[in-house]
Ligand code: NDP
């Protein structure tokens, strides 16, 4: 196969795990000259056969292209892999999952070595990479110049969402969305537990659950509006007082079904606290203030 690589930005990619390999294939398929490096060298062989140049060391890989993308296991592996590399003048894009604090420290670290730095949080699994219709995307934060310069190249494997100059914001957005996802999974786990011993097919509950969660999801826009205005009664549909009055029925039902309330109870406890503070006419937004220490 021949590629038109004339105008495509060369990319160096460090890390050929499941995610790195998917990223590599997307850039190769789009005709970008690609240099790869992986700690365990044999993992690079299939990509070499597909047109990637394989560097002998991370330092050589970094030297090969101005745009250097890193997708390693964790922040410690980034430190280890890049320890001997000359980053001066490089555009370093770190797609390794990290905490906001690690991302900020890594940005300072890169700047001290003369590199521009962009941090990324990948909102996709490997099969979604290089498949635009999958809806996968990457949060980016850090150098706006770097993002503007490489926007098109970065958009090859997945969509791009730039969330600010603060290098920690990509990781923060990533963790915020995944935290909400776990809350949703927790609720779904409780729902399935409630019917577990009944003659109800989980497969009949699943579509009802999925549709209900989708129908409820837009409530986050009202939450944002209330947080911005500071008025937690604004647009309220079901007051905290009404919802708190209903919670004993949820706990009794759990008990009757032989289901532990441990996933629901903490949230209900926060609702009761806010009610006791006088938030009865509000939405559930006041719970957020109880969480923020
Ligand atoms: P893998 O476990 O498949 O690959 C890990 C990669 O890190 C390998 O290339 C491995 O090299 C390398 N590595 C580990 N430790 C070191 C080290 N000390 N020095 C050098 N290289 C090292 O992980 P993924 O590819 O799936 O994930 C990569 C990043 O992408 C992670 O931060 C992950 O959180 C993130 N991500 C992954 C998603 C997924 O679904 N897979 C989804 C969203 C984000 P070696 O081959 O030598 O072991």
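The values are calculated or read from the model by the stated rules, or taken from the named source; none is laboratory data. Bear in mind the structure is a predicted one, so any value in this text is a computation, not a measurement. Positions of Cβ are generated from backbone atoms using ideal geometry, with glycine treated the same way; all protein chains shown enter the neighbour counts.
Determine whether residue 17 is within 14 Å of the ligand (Cβ to nearest atom) and either surrounded by 16 or more Cβ atoms within 10 Å (Cβ to Cβ) or in the same structural domain as residue 157 (by TED's automatic domain parsing) (or both). For residue 17, the condition - within 14 Å of the ligand (Cβ to nearest atom) and either surrounded by 16 or more Cβ atoms within 10 Å (Cβ to Cβ) or in the same structural domain as residue 157 (by TED's automatic domain parsing) (or both) - is met. Looking across 84, 51, one residue alone is assigned by TED's automatic domain parsing to the domain that holds residue 149, at pLDDT below 95 and touching a helix residue (DSSP H, G or I) at 6+ places or on another chain (Cβ under 6 Å). It is 84.
Taken residue by residue, segment 122-131 has at least one member that is modelled with pLDDT of 95 or more and either touching a strand residue (DSSP E or B) at 6+ places or on another chain (Cβ under 6 Å) or not assigned by TED's automatic domain parsing to the domain that holds residue 39 (or both). Only one of the numbered conditions (1) part of a loop (DSSP other than H, G, I, E, B); (2) free of Cβ contacts under 8 Å to residues at least 40 places away in the same chain; (3) in contact with a strand residue (DSSP E or B) (Cβ under 6 Å, 6 or more places away or on another chain) is violated by residue 161, and that is (1).
Might you let me know whether segment 68-80 holds any residue that is away from the ligand (no atom under 12 Å from the Cβ) and closer than 18 Å to residue 24 by Cβ? Yes; the residues of segment 68-80 include at least one that is away from the ligand (no atom under 12 Å from the Cβ) and closer than 18 Å to residue 24 by Cβ.
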